[in-house]
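A short write-up of the structure that comes next.
The values are calculated or read from the model by the stated rules, or taken from the named source; none is laboratory data. Keep in mind that this is a model prediction, so the values were computed, not measured. Cβ placement follows ideal geometry from the backbone for every residue including glycine, while neighbour counts extend to all protein chains displayed.
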Number of protein chains: 2
Amino acid sequence: MTVADTSADGAPTRRRRMGPQERRRQLLDLGQELVAERSLENVTIEAVAERAGVSRGLIFHYFESKQDFHLALVREQAEVMLARTMPPADVADPLEVLSRAMDAYIDYVEQNHAHYIGVLRGTLSVDPAMRAVADSARIAMTERILGHAPDLGIAVTPAVELTVRGWTAYVEDVMIRWVTDRQLSREAIHALLVASLPALAAAAATVDT
Amino acid sequence: MTVADTSADGAPTRRRRMGPQERRRQLLDLGQELVAERSLENVTIEAVAERAGVSRGLIFHYFESKQDFHLALVREQAEVMLARTMPPADVADPLEVLSRAMDAYIDYVEQNHAHYIGVLRGTLSVDPAMRAVADSARIAMTERILGHAPDLGIAVTPAVELTVRGWTAYVEDVMIRWVTDRQLSREAIHALLVASLPALAAAAATVDT
């Protein structure tokens, strides 16, 4: 539904005037919709303008360039992913925390496949700003996990830190393949992700600097 | 040194005529040189033409487009990497095979940082041909490793296969960070890579489909 809908007699309905905040929000929402339909790289300013029923110029009032718009979409998705996978605060057992977080992560990836790929493409992007968004999502996940390491009797050495970051890359690769080929059940992929982190961390804990 | 060098009196030296095979080889060699100097995305047809002392048109006789040239460069690098890390045929112990292969891998990454990043960018590339090159390098590494799984008493289940592929992503992430920040010694990074694979595979072997 766009704000440029026409009424039954074909005449444009009166366009409701949006405040800048509301308009920016609308453009981002429509952008996220388009990512889901056609993947990030095919989301053009023209397509967003058409769907919003506004001019290209108006969009450039809110976002400097297509790249800037894509960056805002990816940044927002990274935030959504991190919020959805926030570990429960009322659970003490770190392995149970991991299990719940991975459950939420799998849900997120299943429901937001195109957005997820969009964020991941940023990890190796040529554009430093895009790379920074993807990197900071990995850093945030890594820090959450490292916060639990002491509860498991694991000292946060450089090897452990490098490994937990590397594990986020492992998870991304496994998830991309899993949502595509579904060779494992949901229970099995969950068990795999949950088992892989302690296994890697224990191996890393034996390595000196 | 280019074939368009001028002689002492400033007149162009006679250009030696290259056969098509030799010319293609020269263009790829100069392309790889440029990747090392400025990274793949900044390697233009103009720069290669200048360095080779030939016209842009001549290069398009060998490569359809810049994209096609980049693809050839990345494909060649993936082959070099796989050849360099070929496991020794005369070693029976699979952990020793892994140790030697990781040694060679670390050497390769240290000596070919820009090329390595170029190949990795392909893993999430929008271009399916580029993605296929990077994927096939991961698949080749995965298959080499899975070939040794039975010697270690590990059955190649879908979970184990997914994990070994995911491990290649882990290794890539760890190596990219390591060549940049060098927080670990070479011995430590080697130990980390060698310890991580059996740890992950053992965890995956406990997961049902």
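Candidates are the residues of the stretch B:148-178 that are under 14 Å from A:LEU162 (Cα atoms) and among the β-branched types (Val, Ile, Thr); the one that is nearest to the other protein chains (Cβ to nearest Cβ) is B:VAL174.
Applying the condition of being facing chain A (nearest Cβ under 7 Å) and without any contact (Cβ under 8 Å) to a residue 12 or more places away in the chain to the stretch B:179-207 and asking which residue is nearest to A:ARG186 (Cα to Cα) yields B:THR206.
Inside the stretch B:107-141, can you point out the residues that are more than 18 Å from B:LEU193 (Cβ to Cβ) and in a loop (DSSP other than H, G, I, E, B)? Correct list: B:SER125, B:VAL126, B:ASP127. Would it be correct to say that A:LEU146 is aliphatic (A, V, I, L, M) and closer than 19 Å to A:LEU193 by Cα? Yes, satisfied. Scanning the stretch A:118-152 for residues that are among the polar types (S, T, N, Q), more than 19 Å from A:ILE176 (Cα to Cα) and modelled with pLDDT under 85 yields nothing. Here the condition is being among the small types (Gly, Ala, Ser) and crowded, with 16+ Cβ neighbours inside 10 Å; of B:GLY147, B:GLY57, B:GLY122, it holds for B:GLY122 alone. Among the residues that make up the stretch B:43-51, is at least one of them closer than 30 Å to B:ARG100 by Cα and part of a helix (DSSP H, G or I)? No, the stretch B:43-51 contains no residue that is closer than 30 Å to B:ARG100 by Cα and part of a helix (DSSP H, G or I).
Could you tell me whether B:ALA159 is under 17 Å from the mean Cα position of the chain (by Cα), in a helix (DSSP H, G or I) and among the hydrophobic types (A, V, I, L, M, F, W, C)? So B:ALA159 does not fit the description; no. Scan the stretch B:63-85 for residues that are assigned to a loop (DSSP other than H, G, I, E, B), at pLDDT below 95 and among the hydrophobic types (A, V, I, L, M, F, W, C) and jot them down. None - no residue of the stretch B:63-85 is assigned to a loop (DSSP other than H, G, I, E, B), at pLDDT below 95 and among the hydrophobic types (A, V, I, L, M, F, W, C), so the list stays empty. The listed residues are B:LEU98, B:LEU146, B:LEU197, B:LEU193, and the only one of them that is in contact with a Leu (Cβ under 7 Å, 6 or more places away or on another chain), under 29 Å from B:LEU73 (Cα atoms) and of a type in the set (A, V, I, L, M) turns out to be B:LEU98.
Consider the stretch B:125-144 and keep the residues that are among the β-branched types (Val, Ile, Thr) and loosely packed, with under 15 Cβ neighbours inside 10 Å. The one that is farthest from the chain's Cα centre (by Cα) is B:VAL126.
Does the stretch A:86-104 include one or more residues that are part of a helix (DSSP H, G or I) and under 18 Å from A:LEU30 (Cβ atoms)? There is no residue in the stretch A:86-104 that is part of a helix (DSSP H, G or I) and under 18 Å from A:LEU30 (Cβ atoms).
In the set A:ARG177, A:ARG144, A:ARG165, only one residue is basic (Lys, Arg), closer than 25 Å to B:HIS113 by Cα and in a helix (DSSP H, G or I); that residue is A:ARG165.
Is the stretch A:79-100 home to any residue that is of a type in the set (A, V, I, L, M), touching a residue at least 60 places away in the same chain (Cβ under 8 Å) and crowded, with 20+ Cβ neighbours inside 10 Å? Yes. Restricted to the stretch A:25-43, and to residues that are surrounded by fewer than 16 Cβ atoms within 10 Å (Cβ to Cβ) and modelled with pLDDT of 95 or more, which residue is farthest from A:ILE117 (Cα to Cα)? Of everything passing the filter in the stretch A:25-43, A:ARG25 is farthest from A:ILE117 (Cα to Cα).
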